[in-house]
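Visitor: Below are the structure tokens for one structure; questions will follow.
The values are calculated or read from the model by the stated rules, or taken from the named source; none is laboratory data. These figures come from a predicted structure and were not determined experimentally. Note: ideal-geometry Cβ built from the backbone for every residue, glycine included; neighbour counts use all protein chains shown. Calculation scope for accessible area: heavy atoms of the full protein, side chains included, ligands and nucleic acids excluded. Shrake-Rupley method; radii C 1.70, N 1.55, O 1.52, S 1.80 Å.
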Amino acid sequence: AYLDIKNSLLYYLQKYNSNRKFILAGHSQGTKHAVRLLEEEYSLFKDRLILAYLVGMPFDKRKLEIQACKKENDLNCYLSWNT
């Protein structure tokens, strides 16, 4: 499943994104895939990522280059909570 997500994101960025900002969101298994994308591919899209919603699954925050949001108006960060 991860390769489908990765390939879809890379295709979107190459063919449709036109260098625009975007949000990455996942829940449960989707969060695991989003975290892996951030670990492996973040350098490809870090200038375009507004925010990552990483909900419903714990993960090792130390492995991420991106930082947790601290204020309600922070950008280029992630929000995470377990539901």
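Visitor: If I go through segment 53-79 residue by residue, how many of them are aliphatic (A, V, I, L, M), within 17 Å of GLU41 (Cβ to Cβ) and in a loop (DSSP other than H, G, I, E, B)?
Guide: 2
Visitor: Starting from segment 65-82, keep only residues that are under 18 Å from ARG36 (Cβ atoms), then list their pairs with residues that are among the aliphatic types (A, V, I, L, M) and assigned to a loop (DSSP other than H, G, I, E, B) whose Cβ atoms are within a distance under 6 Å, requiring at least 6 positions of separation or different chains.
Guide: Between residues of segment 65-82 that are under 18 Å from ARG36 (Cβ atoms) and residues that are among the aliphatic types (A, V, I, L, M) and assigned to a loop (DSSP other than H, G, I, E, B), the close pairs are TYR78/ILE66.
Visitor: On to the next question. Kindly establish whether ALA68 is within 17 Å of ASN82 (Cβ to Cβ), modelled with pLDDT of 95 or more and surrounded by fewer than 14 Cβ atoms within 10 Å (Cβ to Cβ).
Guide: yes
Visitor: Please give the number of the condition ALA34 fails out of (1) closer than 20 Å to THR83 by Cβ; (2) of a type in the set (Gly, Ala, Ser); (3) open to solvent by 70 Å² or more (accessible area, probe 1.4 Å).
Guide: (3)
Visitor: Tell me which residues, restricted to segment 2-45, are at positive phi and touching a residue at least 12 places away in the same chain (Cβ under 8 Å).
Guide: ASN19, SER28, listed by residue number.
Visitor: Let me ask something additional. In segment 8-23, which residues are of a type outside the set (A, V, I, L, M), open to solvent by less than 50 Å² (accessible area, probe 1.4 Å) and assigned to a helix (DSSP H, G or I)? Let's see the steps before the verdict.
Guide: First, pick out the residues of segment 8-23 that are of a type outside the set (A, V, I, L, M): 8, 11-12, 14-22.
Filter once more, so that each one left must be open to solvent by less than 50 Å² (accessible area, probe 1.4 Å): 17, 22.
Correct list: empty.
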